[in-house]
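Everything below concerns the one structure shown next.
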Amino acid sequence: MTTMRAAVLTAPRRFEVREVAMPIIGPDDVLVRVARTGICGTDIHIFNGHYAADRLPLVPGHEFCGTIAERGANVRHLTVGTRVVVDINIGCGSCFWCRRNEVLNCAEVTQVGIGRDGAFAEYVAVPARLAIPVEADIADAVLALTEPVACVVRAARKAQATFGQSVLIFGAGPIGNLHVQMMRLVGAAPIIVADLSPERCRMASEAGADAAVSDPAELKAVVHKMTGGRGADLVIESVGSRKLYEQAFDLMRRGGHVAFFGITPPGETVALDSLRTVLEEGSLKGSVAGMGEDMHDALTLLSHGRFRTQDFTKASYPLEAIQEAFEMIAERPQHLKTQIAIAA
């Protein structure tokens, strides 16, 4: 076999499912036969031309699982037929940043499905060191959630979230819902979520939020009521809105922390009161992609049923219908995740 089917984004908002050349693997790589690939918010930004437009044509897709179809000559720890998930962040592996598991800061970093062709295709080639074997009996639809779960694992780790902390989460979409569940797992309380969609708020409540607010005018009163008037210990912005980032600092307590997670347009800035930040010992930290141990931890949590995944696994489209899947995604708020089923 020398060709495969792949969904190529040829221009913003235009996919073409076509036959393309099979990826060629090097001696330290593996070829993964893709089973399922989830549509991520980043994929939607790419689809709409708001991100990585200079890299088109591109095969997007980075939330995936599959099986090893072929291995390079130097690969010994993986065998053909092994089910895997993949850490999509490819750094040099030896620099200061890579050694610290801060791969996105590596000068040579690229990401599967973002900086190079990804998994809206029958096969994808990746470094063998980034393919993680799956031992649990877990459905592909759940397994394909490993990468987004790794993102919220990393955000919790970076924010040093822990039990008894009050948390406000902006956004109750797919990643916001996972943030709610992650905060529940680390023992945070109370957990408050804010989203304009009543349906998404309902789903967040079912996932473990103690309060879900769809009316922005009510949010500050709810946060203060549930935190003794202090404000939240931790605020997570998962939407990517400058206005919400600025509001986050108003709704966190003195000495609190804001987790920067949602992706804003390039070059957008957020006003920050530097004196207040110094005097009140406020803090902020960014994170976006799960990598290294985050991926392993996410796989462990999913393998042991620690996340409620029912609302993430109800929408599935074949590769040939990927254009429709992307175009209709905003009209299906009840589906927290849409997946493309690639292998039969």
Report task. Please specify each residue of region 24-47 satisfying the condition of being assigned to a strand (DSSP E or B), open to solvent by 10 Å² or more (accessible area, probe 1.4 Å) and in contact with a His (Cβ under 9 Å, 6 or more places away or on another chain). Result -> none
Query raised in the report: Taking region 323-344 as the search range and keeping residues that are over 17 Å from Ala150 (Cβ atoms) and crowded, with 20+ Cβ neighbours inside 10 Å, which one is nearest to the chain's Cα centre (by Cα)?
Result: Thr338
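With the requirement that a residue be in a loop (DSSP other than H, G, I, E, B), out of contact with any Cys (no Cβ under 9 Å at 6 or more places or on another chain) and either among the aliphatic types (A, V, I, L, M) or surrounded by fewer than 24 Cβ atoms within 10 Å (Cβ to Cβ) (or both), what does region 167-195 give you? If you could, list the steps in order and put the result at the bottom.
At the first step, the residues of region 167-195 found to be in a loop (DSSP other than H, G, I, E, B) are 171-173, 187-190, 195.
Filter once more, so that each one left must be out of contact with any Cys (no Cβ under 9 Å at 6 or more places or on another chain): 171, 173, 187-190.
Those that are in a loop (DSSP other than H, G, I, E, B), out of contact with any Cys (no Cβ under 9 Å at 6 or more places or on another chain) and either among the aliphatic types (A, V, I, L, M) or surrounded by fewer than 24 Cβ atoms within 10 Å (Cβ to Cβ) (or both): Gly173, Gly187, Ala188, Ala189, Pro190.
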Report task. Sort through Glu268, Glu237 and tell me the only one that's within 27 Å of Ala53 (Cβ to Cβ), surrounded by 15 or more Cβ atoms within 10 Å (Cβ to Cβ) and among the acidic types (Asp, Glu). Result -> Glu237
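Name the single residue, out of those in region 196-217 being among the charged types (D, E, K, R) and either free of Cβ contacts under 8 Å to residues at least 40 places away in the same chain or surrounded by fewer than 18 Cβ atoms within 10 Å (Cβ to Cβ) (or both), that is nearest to Val142 (Cα to Cα).
Kept after step one, since they are among the charged types (D, E, K, R), are these residues of region 196-217: 199-200, 202, 206, 210, 215.
Checking which are either free of Cβ contacts under 8 Å to residues at least 40 places away in the same chain or surrounded by fewer than 18 Cβ atoms within 10 Å (Cβ to Cβ) (or both) leaves us with 199, 202, 206, 210, 215.
On the way: Glu199: 22, Arg202: 21, Glu206: 18, Asp210: 25, Asp215: 32 Å.
Checked region 196-217; the qualifying residue nearest to Val142 (Cα to Cα) is Glu206.
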Report summary line: Going through region 303-322 in order, the residues found to be closer than 21 Å to Ile342 by Cα and either within 16 Å of the chain's Cα centre (by Cα) or outside any strand (DSSP E or B) (or both) are Thr309, Gln310, Asp311, Phe312, Thr313, Lys314, Leu319, Glu320, Ala321, Ile322
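Conditions tested, residue by residue: (1) touching a residue at least 12 places away in the same chain (Cβ under 8 Å); (2) open to solvent by less than 20 Å² (accessible area, probe 1.4 Å); (3) not in a strand (DSSP E or B).
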position: Cys65; (1), (2), (3): yes, yes, no
position: Cys98; (1), (2), (3): no, no, yes
position: Asn101; (1), (2), (3): yes, no, yes
position: Ala107; (1), (2), (3): yes, no, yes
Report summary line: Checking Arg129, Arg154 in turn, the sole residue that is closer than 29 Å to Phe249 by Cβ, outside any loop (DSSP other than H, G, I, E, B), touching a residue at least 12 places away in the same chain (Cβ under 8 Å) and open to solvent by 10 Å² or more (accessible area, probe 1.4 Å) turns out to be Arg154
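Residue under question is Ser287, and the condition is that it be farther than 30 Å from Met4 by Cα and under 17 Å from the mean Cα position of the chain (by Cα); does it hold?
Working: farther than 30 Å from Met4 by Cα: yes; under 17 Å from the mean Cα position of the chain (by Cα): yes.
In short, yes.
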**Report entry** Residue list for region 79-99, restricted to those being of a type in the set (Lys, Arg) and farther than 16 Å from His296 by Cα
**Finding:** Arg99
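The values are calculated or read from the model by the stated rules, or taken from the named source; none is laboratory data. Owing to the predicted nature of the structure, the values given are computational and were not obtained by experimental measurement. Glycine also receives a Cβ, built like all others from the backbone with ideal geometry; neighbour counts cover every protein chain displayed. Accessible surface areas use protein heavy atoms only, side chains included; no ligands, DNA or RNA. Shrake-Rupley method; radii C 1.70, N 1.55, O 1.52, S 1.80 Å.
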